[in-house]
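What follows is a short report on a single structure.
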Amino acid sequence: MATGTSRSESMQALFSGGGTSRSRRATGAHDATMDLPEKPTSEPAPAATGWRARLKSINPGLPLMVLNSLLGSVISLAVKMLASMAQPYPTFELVFVRSLAVFLCCMAWKVYKARSPPGARLALFGRSLFGFLSVVTYYVSVRYLSLGKATVISFTSPIFVGIFARVFLKEKWERIDAAAATISLLGVSDIANPCILDVFMQSPTVTLRTVTRAVTYYSEEKRLLAIIFGLVSAVSGATVYIFLRLPALRPLPPVHILTTFSILSTVFATFGSWIFDGSPAAVLRVVPSTLKELLLLGPMLSFTGLIAQVCLATALKFEKASKCTTMNFLQVVFSFLLDLGFRGILRLS
């Protein structure tokens, strides 16, 4: 009897387990069926059309760089006119006034309430240092060269941007960008008379003597020094592009980056004036006395510089460094036209 009872219980457990298993499978199948997404009952809404939709679909990187080139030409014209007045404005004063005005605008924007991330501070300092060096050397070259020549020399930077971006950022240098950089180099070789490349192809002793004469004399050697400063500006400006493309700076708002750049440039300009002019107060040696000078220092130099820098930092969030810097060739055209329109000068040699 015990054996029959145990066998009966085993058979009952077997059938009940099997039934439970089948019930679970059935329930699982039912749940799976319930979890399936329902088929859409209507077609998806058509994509928006019209000029607003097309405008939103445009990558803003390159248009912003075109605007940056135009504003850069306006800044160059303002520097040239301020340096050509009866009482010329010193280079460090121009940098100081521009940087101070930009800094005050950024502080009014209240972007700097939050501290910079620790990983971005060194990159912000490097961007500010090389940006200051690029601005100062460019202003010096503008003083002793025509506006178009100074612009062409300074914007050999696409060559250095392409090389630096390839080495440090691992960005591909497209053929069209490399061709544009080569054309830029040929343009520099054409306008530099005597050619800067010929100078450095001489023996080291002759090259050192030539550069020393450029520092000592004011005439044609001064022009050679201006060409050298223009090339230094190009290398420094290319380094700025690399810093702005670093992962540490790309998430930051453009005005945040510009705030650091402007306040550090104000400090650098004060020290530069102290070293080269003998006193930190010399940074404000010339006080504007006419409405024209105020307009040149204010809207044309300072506020235009603010907008141009914001455009640059924003554009580099959307496009590669080598492609963005190619747009700067437009500044050569803008500078020649502005030099001709406002000053009546169009010197190509």
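Other residues lying with their Cβ under 15 Å from the Cβ of Val66 contribute a combined charge of 0, Lys and Arg counting +1, Asp and Glu -1.
Largest first, the extents of the alpha carbon coordinates of region 54-101 on the three principal axes equal 50, 20, 11 Å. Normalising by residue count, region 242-306 has a Cα convex hull of 105 Å³ per residue. Counting Lys and Arg as +1 and Asp and Glu as -1 over every other residue whose Cβ lies under 14 Å from the Cβ of Phe261, the net charge comes to +3.
Tell me the net charge near Lys172. Cut-off is 15 Å between Cβ atoms, Lys172 excluded, with +1 for each Lys or Arg and -1 for each Asp or Glu. Around Lys172, the surrounding residues sum to +2. Here the alpha carbons of region 214-331 define both size measures, Rg and Dmax, at 17.3, 47 Å. A simple packing score, the average count of other Cβ atoms within 10 Å per residue, orders the peptides 330-341, 273-284 as 330-341, 273-284, with the highest score first. What the phi angles of region 81-96 give under the Karplus curve with 6.51, -1.76 and 1.60, with θ = phi - 60°, is a coupling list of 6, 5, 7, 9, 6, 4, 10, x, 7, x, 4, 5, 5, 4, 5, 4 Hz, glycine and proline written as x.
The stretch between Ile307 and Ile58, if pulled fully straight at 0.36 nm per residue, gains 87.6 nm over its current Cα-Cα span.
Values quoted throughout were computed directly from the atomic coordinates according to the rules given, and no laboratory measurement underlies them. Please read these numbers as outputs of a predicted model, since none were measured by experiment. Virtual Cβ from ideal backbone geometry, glycine too; neighbours counted across all protein chains shown.
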